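Worksheet for the structure shown next.
The values are calculated or read from the model by the stated rules, or taken from the named source; none is laboratory data. Model, not experiment: these values are computed from the prediction. Every residue, glycine among them, receives a Cβ derived from its backbone with ideal geometry; neighbour counts consider all protein chains shown. We work out accessible area using only protein heavy atoms, side chains counted, and drop any ligands, DNA or RNA first. Shrake-Rupley method; radii C 1.70, N 1.55, O 1.52, S 1.80 Å.
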Amino acid sequence: MTLLALLVSGDDSASEILARVLPASGIAVERFSDVDTALDRLYQQRFNALILDFDQPQSAAAVLEQARRLNSGNAPVTVALVAEHAEARGVLSGGAHFVLYKPLTEDKARAGLRAVAALLNRERRRAHRVPVQAPAELTLSDSRKAEGILLDLSESGMEVLMAEPQATGALLNFRFQLPDGSLEVQAHGQVAWARPNGQTGVRFLDLDESIKARLQVWLRAAAGALAEAPEEAVPHCKLTDLSLGGCYVETDSPFPERSLVDICLKTGEVAVHTEGMVRVTHPGRGMGVEFPSRTPEQRALVSNLISLLRSCPESMLELSVSPRALTADLSQFERTRDSRGETPEDLEDPLLELLRQGSALQQDDFLEELSRQRSGESVSS
């Protein structure tokens, strides 16, 4: 199933470059220069990603807000086209996940979109969303019967095409058989999003556990080719700063703030992995990642990473970063405190404190403080 992006921009040069680069990343694109036409298209089609030109910030914000409203408060992965570097922090704080700077070149677009494609593919694999074609029977909240065509399916919901548009939040009953006839699924659902053309996203509410288990098995088998594909990773990263609490990674394709990533340090046959949450993103430059440290096992993974880094020459090490989820579980990154509610001294970490403040700082201010820590204070390791 091809990923689909909505591009809203009046910049012909940037749009032509993106139209060439996106398909090579497995992303089809529909481009509109008129915001009203783009808003109408959002009602008709569900998009995996938005690419919005912030030369017209009010128009871009309107498209982003409409996409959120149509997707139960969650906007698709959003890429902002920005002309001034000073604007990036405000755009990221406003809800964009990625930033590409204009004027755009093919090399810059290809580098910046690597992380976008990796994250989109990871989210698709994680959901085991499988395209299907099968009839569905529905009973609406007013007891009317309706027929639909199942378009795609996951363990938590389905997309179905109906003869008339539905109201978001409406309750319904549904029944369908898997295309191979191996399982009948019947339960209650709630409309999560709806389009005027009858495309409807339904969230499952009370799927029987035995049915859910069998559905999961079928979905994994149906998505086998996708699930067995190699993990998407951003290569050629450089680890410049590291402590037990976090690190800074230089890369021209950083992942979004609050996303969960896997950091892999490899030398020969040895590979050490640790997960982390992106605390701050600097488009085209790098990202600051916080490591989870609530359990001894989590801290041991980071210690292993540091040990490998110390034991091998830099020329032998290969670093890559892969996406795990668009949004990390914040509870895994809460501060560890003692019985008095204070952070113990031995857990103080200047680099980690800087990462946690990073999204409130302009890029130059952050990098200046990072440089000061390198040359002055001893960073915890």
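Here are the numbers for this structure:
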read-out	value
Net lengthening on full extension, THR327/GLU184 (0.36 nm per residue, minus Cα-Cα)	48.2 nm
Loop-resident sites, region 2-57, for chymotrypsin sites (Phe, Trp or Tyr not before Pro), counting at most 10 other Cβ within 10 Å (DSSP)	none
Net length gained if the chain between SER311 and THR105 were fully extended (0.36 nm per residue, minus Cα distance)	70.2 nm
Share antiparallel - DSSP beta bridges, the chain, percent rounded to 5	75 percent
Nearby aspartates and glutamates by direct alpha-carbon distance to LYS145 (threshold 14 angstrom, same-chain neighbours under 8 apart not counted)	GLU137, GLU164
Value of [θ]222 nm, deg cm²/dmol, for the chain, DSSP H segments ≥ 4, -39500 (n - 2.57) each, nearest 500	-10000 deg cm²/dmol
Extension reserve of the GLU297-GLU368 stretch, reckoned as 0.36 nm per residue once the Cα distance is removed	22.2 nm
Solvent exposure of the chain as accessible area per residue, Å², 1.4 Å probe	48 Å²
Estimated FRET transfer efficiency (GLU348, ARG175; beta-carbon r; R0 56 Å; 0.05)	0.45
Solvent-accessible area, 1.4 Å probe, carbon plus sulfur percent, for the chain	48 percent
Crossing angle, helix 35-44 versus the chain [Cα axis fit, 0-90 degrees, rounded to tens]	60 degrees
Inter-probe distance in nm under a simple model that places probes 7 Å from Cα toward Cβ, at GLN216 and ASN197	3.4 nm
Area of LYS102 that stays accessible when all protein chains are in place (1.4 Å probe, Å², to 10)	20 Å²
Accessible surface of ILE211 - all protein chains present, 1.4 Å probe, nearest 10 Å²	40 Å²
Cα centre as origin, Lys/Arg/Asp/Glu Cβ charges: the chain dipole, Debye	700 debye
Straight-distance crosslink candidates among lysines, where the alpha carbon sits under 29 Å from LYS102 and sequence neighbours closer than 8 are dropped	LYS238
Farthest positive-ward along the chain dipole, Cα basis, beta-carbon charges - from PRO313, VAL270, ALA80	VAL270
Of the trypsin sites (Lys or Arg not before Pro) in region 111-189, those whose Cβ has at most 12 other Cβ within 10 Å and which sit in DSSP loop	ARG144
ARG41 - accessible surface, heavy atoms, 1.4 Å probe, Å² rounded to 10	50 Å²
Helix axis angle, 106-127 relative to the chain longest principal axis, alpha carbon, degrees	60 degrees
Nearest 10 degrees, 0 to 90: helix 363-375 Cα axis against the chain principal axis	40 degrees
